[in-house]
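See structure below.
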Amino acid sequence: MLRILLTILLTAGTLLAQQAPQHETALGGEFRLEGDRFHDSCVQFSIASCADLLFTDHPLHIAVGSIAPQNGFGSGLALVTHSDFKTWLFKSDTDVIGTANGSWRVGTYMKIIPTTAPKIQPHISTGQQPEQPLKSHLRVLDRPLFTIYAQAISLTKLDFFGLGPGTSQAGRSFFGMRETITGGNAIVPIPMSNKLNLSFLGEMNGRFVSIRGDRDESSPSIEQLYTPVTAPGLATQPGFIQFGEGLRMKPVLFAGYLRLNYLANLQQFVAPSNSSFSFRRFTADLSHQVPLYRTTVPSPKDANGPDECGTDDKSLTCPSIKSISRNRYGTLDFRFLLSESIASSGSVVPFYFDPTLGGADINGSASLSSYQDYRFRGPDVMLFHAGLEHSIFSTPVGFIFGADAGKVALTRGELGLDHLSHSFSTGLTLRAGGFPQVFLLFAWGGQEGTHTIGSLNTSLLGGSIRPSLY
C-alpha cells in the first residue's frame, strides 16, 4: 500500500509543479507550492528533504502509524489546510489509514482559534517605590481553543482476558471493535492563574461502538469464553452521549527545570436507550518532567491537528527531519494516573470502555510493558511510572528506560498500594523533525515473561492527540 501512495504523490507532485497559477484558489496555490517543493526535493532528489515532504508536508502527505496494538502498521493519506479569516483561524486535518489485517481509521479534525489581538494583563503595585527594580509582570493571556472532530475506527484484533486483577493468560480471547466518535472540546485559559497556567477543559461526544467476535486467532473468540455478565456490554452496545469537564495546570518552575502537567477530569457516559450502562469516570493524571537541559521535547500541541507539526498557530511548516535537536533528550519523567468509574446501583461499565494496563492500551500508551497488550482490564486503574530518556551523542536517536507499577480493580475500594504488578523496560526512540515518534522497547520484570514492543506514533511529532477510544 505504501508503494501505491508513493506513486500517487510522485505523479500528483509532478503535475502540480507544472500548473500555471492563473485564477487559482488558496488551496490550489498550496498544492502548486507543494508541487514545486516536490520537484525540487524528490524529482531532483534529496533523501532527507524528500522524506520531509512525503511524510510531513502540506496540504497532502503520507500518513503512517501503528493503528492500535496487534492491528499492525498503517499507511494512508492526510490532507491539512487552514483558512485565516479576520478574527478566526480555521485549521482542518483529514486522514485515512489502513493496515494489512483489515483495520482502518478515518477522521477529520478542525481547530478553531480566535486571532484577535491578545490582551495584556498588568500587575497593579501598591504605589510605593521599590529599592530594587521590579521584574515586569506584564504577560500575554492565552487564547481559547475549540476543536470539532469526527472519527471512525475499525480494529480487527483485540485481546480480552477478563475483568479485574485476578485474570490469567488461560482466559485470553479475541474480539473486533468498531467505534465512531463525533463531537468537540474546548480549552479555555483562566486569566488570573498566573504561573499556574490553568485552563478549563470541556468536551461533548457521541460514541457509537459495535463489538464482533474474532474466530481467526489461536485463542477462542470472546463470546466462546465470556457472557454479558462476565463481560458487560458484550451482547448489546447502546449509543452514548459523553460529557466531560476538567482543569489542567501546566506550570514551569525553577527556571524551566521542572515542568508539571496536572489534569483532573470528570466524565459522564450517558446511554439514553439503556440507562443500565450509564456511568461516570474521574481521572487524575499528574505528570512531572525534569529536563537535564533547558531544551525539552515538543509535546503534543493543542492548536495542531494530529497530522500537523507546525511550530506556531498559523504555520503548517514542520521542523526538518534532518534537523537534530535534543527534544526531551535528557529528561526524567514521573507520572501518577488514577482513573475511577462510578456506576449507580443496577448499572455497569461496558467492558470496552474500561482502561487497560499491560503492553500498550488501545490508544497506544505503554504501561506494564512486560505483560501482553490489554492484559489487565477494569473500571478502576492506578499507575505509577518513572522514566529516563537521553539522546545518544548528537543524533535524533535516544535511549529510554522506564519502570512501572500498577493495578486494575473492579471497585474503587480495591485500589491500594498492595499487590501491585511491576515492569521494567528499556530501548530506543527516534525523534526526527516532525516525523512520528518511533520506539522499540524490551520489557521484563513481570510475572509472565518478557515482551518486545515496536511502535510508530499515530500523530506527527508536535501534533495533537486523537480522541481517546475509552
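Name the residue that is surrounded by the fewest Cβ atoms within 10 Å (Cβ to Cβ), counting only residues in segment 415-453 that are out of contact with any Asp or Glu (no Cβ under 7 Å at 6 or more places or on another chain) and among the polar types (S, T, N, Q).
Q447
Residue-by-condition table, conditions (1) within 30 Å of F277 (Cα to Cα); (2) modelled with pLDDT of 95 or more; (3) open to solvent by less than 40 Å² (accessible area, probe 1.4 Å):
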| site | (1), (2), (3) |
| --- | --- |
| L316 | no, no, yes |
| I324 | no, no, no |
| L337 | yes, yes, yes |
| G346 | yes, no, no |
| F353 | yes, yes, yes |
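Using the structure shown, decide if S421 is among the polar types (S, T, N, Q) and closer than 30 Å to I321 by Cα.
For S421, the condition - among the polar types (S, T, N, Q) and closer than 30 Å to I321 by Cα - is not met.
For segment 80-100, state whether one or more residues are at pLDDT 90 or above, in a loop (DSSP other than H, G, I, E, B), under 28 Å from L440 (Cα atoms) and open to solvent by 60 Å² or more (accessible area, probe 1.4 Å).
Yes: one or more hits.
Test each condition in (1) in a helix (DSSP H, G or I); (2) open to solvent by 60 Å² or more (accessible area, probe 1.4 Å) for S193 and report the one that comes out false.
(2)
Matching residues to (1) more than 17 Å from L158 (Cβ to Cβ); (2) modelled with pLDDT under 95:
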{"site": "G358", "(1), (2)": "no, no"}
{"site": "D373", "(1), (2)": "no, no"}
{"site": "M382", "(1), (2)": "yes, no"}
{"site": "S394", "(1), (2)": "yes, yes"}
{"site": "G406", "(1), (2)": "yes, no"}
{"site": "H422", "(1), (2)": "yes, no"}
{"site": "S425", "(1), (2)": "yes, no"}
{"site": "L430", "(1), (2)": "yes, yes"}
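Listed residues R280, R294; which is more than 21 Å from the chain's Cα centre (by Cα) and surrounded by 15 or more Cβ atoms within 10 Å (Cβ to Cβ)?
R280
Any residue at all in segment 161-174 that is touching a strand residue (DSSP E or B) at 6+ places or on another chain (Cβ under 9 Å), within 30 Å of P144 (Cα to Cα), surrounded by 14 or more Cβ atoms within 10 Å (Cβ to Cβ) and basic (K, R)?
No, segment 161-174 contains no residue that is touching a strand residue (DSSP E or B) at 6+ places or on another chain (Cβ under 9 Å), within 30 Å of P144 (Cα to Cα), surrounded by 14 or more Cβ atoms within 10 Å (Cβ to Cβ) and basic (K, R).
Can you pull out the residues in segment 191-200 that are over 13 Å from P251 (Cα atoms) and at pLDDT below 95?
Answer for segment 191-200, where residues must be over 13 Å from P251 (Cα atoms) and at pLDDT below 95: P191, M192.
Which condition from (1) assigned to a loop (DSSP other than H, G, I, E, B); (2) modelled with pLDDT under 95 is the one that P228 breaks?
(2)
The values are calculated or read from the model by the stated rules, or taken from the named source; none is laboratory data. Predicted model, so just to flag it, every value in this text is computed and none were measured. Positions of Cβ are generated from backbone atoms using ideal geometry, with glycine treated the same way; all protein chains shown enter the neighbour counts. Ligands, DNA and RNA are stripped out before the accessible areas are found, and what is left, the full protein with its side chains, is counted by its heavy atoms. Shrake-Rupley method; radii C 1.70, N 1.55, O 1.52, S 1.80 Å.
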